[in-house]
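Below is one structure, written out as structure tokens; the observations come after it.
The values are calculated or read from the model by the stated rules, or taken from the named source; none is laboratory data. All values derive from a computational prediction rather than experimental measurement. Every residue, glycine as well, gets a Cβ built from its backbone with ideal geometry; the counts of neighbours run over all protein chains shown.
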Amino acid sequence: MTDLMKNLGSDDFNPEKFVKELSSQCVGVDELRQQRAKIQILADSTSAQLKKNVYQNYMQFIETAKEISHLESEMYQLSQLLGEQRSLLGTLGAIGATGVVFDENIETQNGESHNAGTKEEEQKSKLIQLLENVEGAMSLVETPGRICLHEGSLLELDPLEGTPLKRIHAYLFNDVLMIASWLATGGRRGPPRYKMQAVYDLQSLAVVNVRDLGTVKLAFKLLAFPDTRVFQCATATSKKEWLDKCEQAKKARLVQEDQTKSVDKDRNLKDEHIAPSRSMSLDSNTIGTEDSPEAEGTESLPEWLLEVAEDLDSCIAQRHFEEAYNLLEKARSYLSEAQTTPVLVGIKAKVDDRAQSLVDVLTKELELSSEAKSLQGGGLRSARRAVRLLIQLDQSVQACQLFLRLCNAALKAQLKRVKREGPTIPYVKQLSAIAFSNVAEMAREFLRIFPNSANCTSALVVWCGQEVNHLTSHLIKQVFIPQVSTNTLAECIVAVRSHCDQLTQLGIDLRYQLDGHLRTPLARALQDAGEKYVDAIKVRAAEDTWRPSNQSSQNLQKLMTELEDLGIGVPLSYMTSETWLSLTSNTLAFSRLYVGLLEDCLSVNTPELMITIDSVLVSVMRAQVQHLLASLSNPKFKQERKVVEDNAVYIRDIVIGRGLELYQSATARPFTKLVTLKDQIVFEPVAATKPRPAPRTAVTKYSTTEYI
């Protein structure tokens, strides 16, 4: 196994060479299967190892990001303290009141700590009462500040098959989620008892809604690496409560962490303020007068404005883009209303730089999303946040371009999954359905993000047109080939057009553009099909002997039903007996061929293609009419004239009549050229003539009287 791993992991690994060597070394199918099993085991182990590495790297990435954010905040604090040294010199005159303030703060803190202690004891007692029926869960009570937000019974389902596994009882706290299993007690008296099964930290837990599908209904999924568990609720209200409570708990946890960081930050700042003020109290009278104007100007500004640049950097680094935007707008609003000072000019410059940094970060995120090799279905929804922030930052054009680029990448990823296997019609239907449904969904998402932007809407229309061009170019290569029949071609085009009509619901009609790209190859395909049909008719005409068709009663009944479905039913007068039909096999084949060709041509007709369609239909019918007229005038078929006339009448009255009817219903105009051909089928019936008597002449009965 080690040699196999080294061979597969080498830089110069060649799959074809490896397969050839393996095939030459193995004897029989059993050894090949053994080698395949080894490779499969190696692939499974490699996949598991990759998952572990991804999880480890992900956790390390999160920890590193947290450490970096802490380091950045500390560096910002240090830079702020160094910058505020000059302003501190002007505040030394207020040191006398500092002791009183501290005394008041100490008393307030003592009162608050007493109240917090009483409240914590009450919460702890409630938690003990709640968990006294859960074995092994009393250790959760020791964590200070832990409270239960929600609890209830759930049914655990199999993550893959959706089958019920067991009933559990879940407890949602403000920091963890506990899953407890039911214990089988002997009697039914008393409250139910549970046993703690697993505890998940809310920071590393994701709660995902599961759509109702089949037997899996009212369910949600817990994602906590490496576990994936699915739970089913009893009612829709219960499911909504679980999802809402989990979301509220995660948000409250984030807010609590932010508050803890801000309290630590304020405490460090106060300590730094107190230390230098006491040491420099003796020189306060002389020093405070030097920089008093600047110190007073700084003191008049709110504290959040002085720290706005650092806070913006922190929000951007932690990817809290909404908070960064709100803080940015707040700072811009304040700066626009305040009087211009040198300090405000510097702050404004910093704010503008942070705004550009925010735009660059959001742009980079969208670019990386569009360049990703694997785009899942939620890629557009996840990009909605960054696009909307760019719009709010007056970057609508850039946001529009990046979003459309992301849509293009997602659409390509979806179409690559459609494999060219099997018949042409299912492939084209699946490809066009996926393409146009995704384009329609992307257009809806685009219109939701850019509701009132004419420039962006025009860019959407142009993008949709380009995607339709790419799709039709691919379909032309796959469909317009000699191996594809006219019937298959027509069915594929009808399917593509029907899927393209989905965009008309959004006000985007691309049918004319689609038909324009398909017009030239479709006209060429119809002309080639018409020429093939004409050649086939001529070949059959040369071999036609005008013999009535003879079939079994079952086959004849099947034939009559088929012709009736096509609208060219055979009258009973043409049946000479139960198995004989006065129509020849050539006429029957042509009738089915022509009606099928007529339906295919009319199903793909457009005003621009009608000249080509008329020419094809007329040329095919003309070839058959010429064959009929030539046979009627040919003395070779004098004995079969009655059969020829019956076939000519059937073509003229039934087949051409059906063609005129279909043409009229599809185009709302008469088919004059076909009517002209119909009028050409005219023949005079041959009357039965009696033999003419020999002429009577005056011949002597007896030329001589010798024998009288």
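Before moving on, here are some points about what is shown:
- Note on region 34-68: residues that are within 17 Å of MET5 (Cβ to Cβ) and either among the β-branched types (Val, Ile, Thr) or modelled with pLDDT under 75 (or both) amount to 3.
- When residues of region 223-255 are limited to those that are aliphatic (A, V, I, L, M) and in contact (Cβ under 8 Å) with a residue 12 or more places away in the chain, the one nearest to LEU149 (Cα to Cα): ALA249
- For region 607-615, the count of residues that are in the same structural domain as VAL534 (by TED's automatic domain parsing), in a helix (DSSP H, G or I) and free of Cβ contacts under 8 Å to residues at least 24 places away in the same chain is nonzero.
- Candidates ALA536, ALA529, ALA525, ALA541: the one that is aliphatic (A, V, I, L, M), in contact with a His (Cβ under 9 Å, 6 or more places away or on another chain) and not in a loop (DSSP other than H, G, I, E, B) is ALA541.
- Meets criteria (charged (D, E, K, R) and either surrounded by 15 or more Cβ atoms within 10 Å (Cβ to Cβ) or in contact with a Cys (Cβ under 7 Å, 6 or more places away or on another chain) (or both)) for ASP544: yes
- Residue match in region 113-124 (condition: touching a helix residue (DSSP H, G or I) at 6+ places or on another chain (Cβ under 7 Å), more than 27 Å from LYS221 (Cβ to Cβ), surrounded by 14 or more Cβ atoms within 10 Å (Cβ to Cβ) and modelled with pLDDT under 80): yes
- Filtered residues of region 547-577 (kept if surrounded by 11 or more Cβ atoms within 10 Å (Cβ to Cβ) and farther than 26 Å from GLY657 by Cβ): ASN550
- Among the residues making up region 172-231, those that are farther than 17 Å from GLU132 by Cα, at pLDDT below 80 and touching a Lys or Arg at 6+ places or on another chain (Cβ under 9 Å) are GLN203, PHE225, PRO226.
- Residue count for region 455-465, restricted to those that are surrounded by 13 or more Cβ atoms within 10 Å (Cβ to Cβ) and either aliphatic (A, V, I, L, M) or free of Cβ contacts under 8 Å to residues at least 40 places away in the same chain (or both): 4.
- Residue list for region 229-241, filter: buried (at least 20 other Cβ atoms within 10 Å of the Cβ) and in a helix (DSSP H, G or I): LYS239
- Within region 549-567, residues that are within 17 Å of THR584 (Cβ to Cβ) sit with their Cβ atoms under 6 Å from residues that are surrounded by fewer than 16 Cβ atoms within 10 Å (Cβ to Cβ) and aromatic (Phe, Trp, Tyr), at 6+ positions apart or across chains, in these pairs: ASN550/TRP580.
- Condition check for ARG622: under 18 Å from ILE537 (Cβ atoms), touching a residue at least 40 places away in the same chain (Cβ under 8 Å) and either among the charged types (D, E, K, R) or not in a helix (DSSP H, G or I) (or both): yes
- Tally of residues being in contact with a Ser or Thr (Cβ under 9 Å, 6 or more places away or on another chain) and either of a type in the set (A, V, I, L, M, F, W, C) or over 23 Å from ILE147 (Cβ atoms) (or both) across region 196-222: 5
- Residues (part of a loop (DSSP other than H, G, I, E, B) and small (Gly, Ala, Ser)) located in region 431-481: SER453
- For region 473-480, the criterion of being among the charged types (D, E, K, R), surrounded by fewer than 16 Cβ atoms within 10 Å (Cβ to Cβ), within 14 Å of ALA440 (Cβ to Cβ) and free of Cβ contacts under 8 Å to residues at least 60 places away in the same chain is satisfied by no residue at all.
Listed here are the residues, each with its yes/no results for (1) in contact with a His (Cβ under 8 Å, 6 or more places away or on another chain); (2) modelled with pLDDT under 85; (3) not basic (Lys, Arg).
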position	(1), (2), (3)
GLU303	no, yes, yes
GLU307	no, yes, yes
PHE321	no, no, yes
ASN326	no, no, yes
PRO342	no, no, yes
LYS348	no, no, no
ASP352	no, no, yes
SER370	no, yes, yes
ALA399	no, no, yes
